[in-house]
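**Q** Have a look at the structure that comes next, please.
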Amino acid sequence: MARRSAPPLAIRGVEVAAEIATTGLVIGETLWAAQQTMCLRTIRLAAAGCDPARLKDPEFTTMVWEKMEAALEAQRALTAGMWSLCDIWLEWAAQQAMAQAKAGMSLAAPPDPVRYGGAAGNYVETSLNAAEIACGRMALEASRLGGRGIAPYHRATNQNARRLLAGAMRR
């Protein structure tokens, strides 16, 4: 019995599932780091309420700019991901146009039912294959969007938590 490889659609499904699972883990890490960061910053803010001189702590201005930078980086990453999706769609549309043109050229000659059937069959097969590949690629790119968008927040939140924990340990 010959060994068969997994169909491309199944492989694409596994890739999408792995991408979604990875994004879920990153979100969990981000939430944990965000919880630590909020707790440590709240303690600093409470301490600054007792001693207004502590409001000069650079942490209070840094926290705003870090969020702004992460938001801009996430926006750029999501925009790049959307361009990837557009590229895939445009490639699929071009393949569909080529298949239609090829089918149209096959049907341009005098009527012949055999040639019409072959041209129609070739067009449908080419069209469906291109659509299946494009849908799989679009699903994978769409599943990557979440990871791309959360990555800057993940990085900034983890850096904040490490920095704040290190500062709290020194005190």
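**Q** Quick check: anything in the range 147-154 part of a helix (DSSP H, G or I) and under 24 Å from residue 11 (Cβ atoms)?
**A** The first filter runs over the range 147-154 and keeps only residues part of a helix (DSSP H, G or I), leaving 147-154.
Cutting the leftovers down to under 24 Å from residue 11 (Cβ atoms) gives us 147-148.
For the range 147-154, residues part of a helix (DSSP H, G or I) and under 24 Å from residue 11 (Cβ atoms): present.
**Q** If you don't mind, another one. If residue 16 passes every condition in (1) open to solvent by less than 70 Å² (accessible area, probe 1.4 Å); (2) within 26 Å of residue 166 (Cβ to Cβ) but one, which one does it miss?
**A** Just one mismatch for residue 16, condition (2).
**Q** Another question, then. Please indicate, with yes or no, whether at least one residue in the range 94-110 is assigned to a helix (DSSP H, G or I) and within 19 Å of the chain's Cα centre (by Cα). Steps first, please.
**A** Residues of the range 94-110 assigned to a helix (DSSP H, G or I): 94-106.
Narrowing the set further to residues that are within 19 Å of the chain's Cα centre (by Cα) leaves none.
No, that holds for no residue.
**Q** Can you report the number of residues in the range 30-54 which are within 24 Å of residue 149 (Cα to Cα) and open to solvent by less than 70 Å² (accessible area, probe 1.4 Å)?
**A** So the count comes out to 5.
**Q** If the Cβ limit is 9 Å and pairs must be 6+ apart or interchain, which residue in the range 147-165 that is on the phi > 0 side of the Ramachandran plot pairs with which residue that is open to solvent by less than 40 Å² (accessible area, probe 1.4 Å) and β-branched (Val, Ile, Thr)?
**A** none
**Q** Which is without any contact (Cβ under 8 Å) to a residue 60 or more places away in the chain, among the hydroxyl-bearing types (Ser, Thr, Tyr), open to solvent by 40 Å² or more (accessible area, probe 1.4 Å) and over 30 Å from residue 170 (Cα atoms), of 62, 79?
**A** The unique qualifying residue is 79.
**Q** May I ask you to list the residues in the range 46-59 that are touching a residue at least 12 places away in the same chain (Cβ under 8 Å) and of a type in the set (A, V, I, L, M, F, W, C)?
**A** In the first step, residues of the range 46-59 are kept if they are touching a residue at least 12 places away in the same chain (Cβ under 8 Å); the result is 48, 57, 59.
Answer for the range 46-59, where residues must be touching a residue at least 12 places away in the same chain (Cβ under 8 Å) and of a type in the set (A, V, I, L, M, F, W, C): just 48.
**Q** Among the residues of the range 89-123, which ones are closer than 25 Å to residue 140 by Cβ and of a type in the set (A, V, I, L, M, F, W, C)?
**A** Hits for the range 89-123 are 89, 90, 92, 93, 94, 97, 98, 99.
**Q** Of the conditions (1) more than 14 Å from the chain's Cα centre (by Cα); (2) in contact (Cβ under 8 Å) with a residue 40 or more places away in the chain; (3) exposed (fewer than 14 other Cβ atoms within 10 Å of the Cβ), residue 134 fails just one. Which one is it?
**A** Looking at each condition in turn, residue 134 falls short on (3).
**Q** Being among the β-branched types (Val, Ile, Thr), at negative phi, open to solvent by 90 Å² or more (accessible area, probe 1.4 Å) and assigned to a helix (DSSP H, G or I): is that true of residue 27 here? Explain how you work it out, then say what you get.
**A** Details: among the β-branched types (Val, Ile, Thr): yes; at negative phi: yes; open to solvent by 90 Å² or more (accessible area, probe 1.4 Å): no; assigned to a helix (DSSP H, G or I): yes.
Spelling it out, it is not the case that residue 27 is among the β-branched types (Val, Ile, Thr), at negative phi, open to solvent by 90 Å² or more (accessible area, probe 1.4 Å) and assigned to a helix (DSSP H, G or I).
The values are calculated or read from the model by the stated rules, or taken from the named source; none is laboratory data. The structure displayed is predicted, hence computed values, not measured ones. For neighbour counting, all protein chains shown are included, and Cβ atoms are generated from backbone atoms with ideal geometry for every residue, glycine included. Just so you know, the surface numbers come from the protein's heavy atoms only, side chains and all, with ligands and any DNA or RNA stripped out. Shrake-Rupley method; radii C 1.70, N 1.55, O 1.52, S 1.80 Å.
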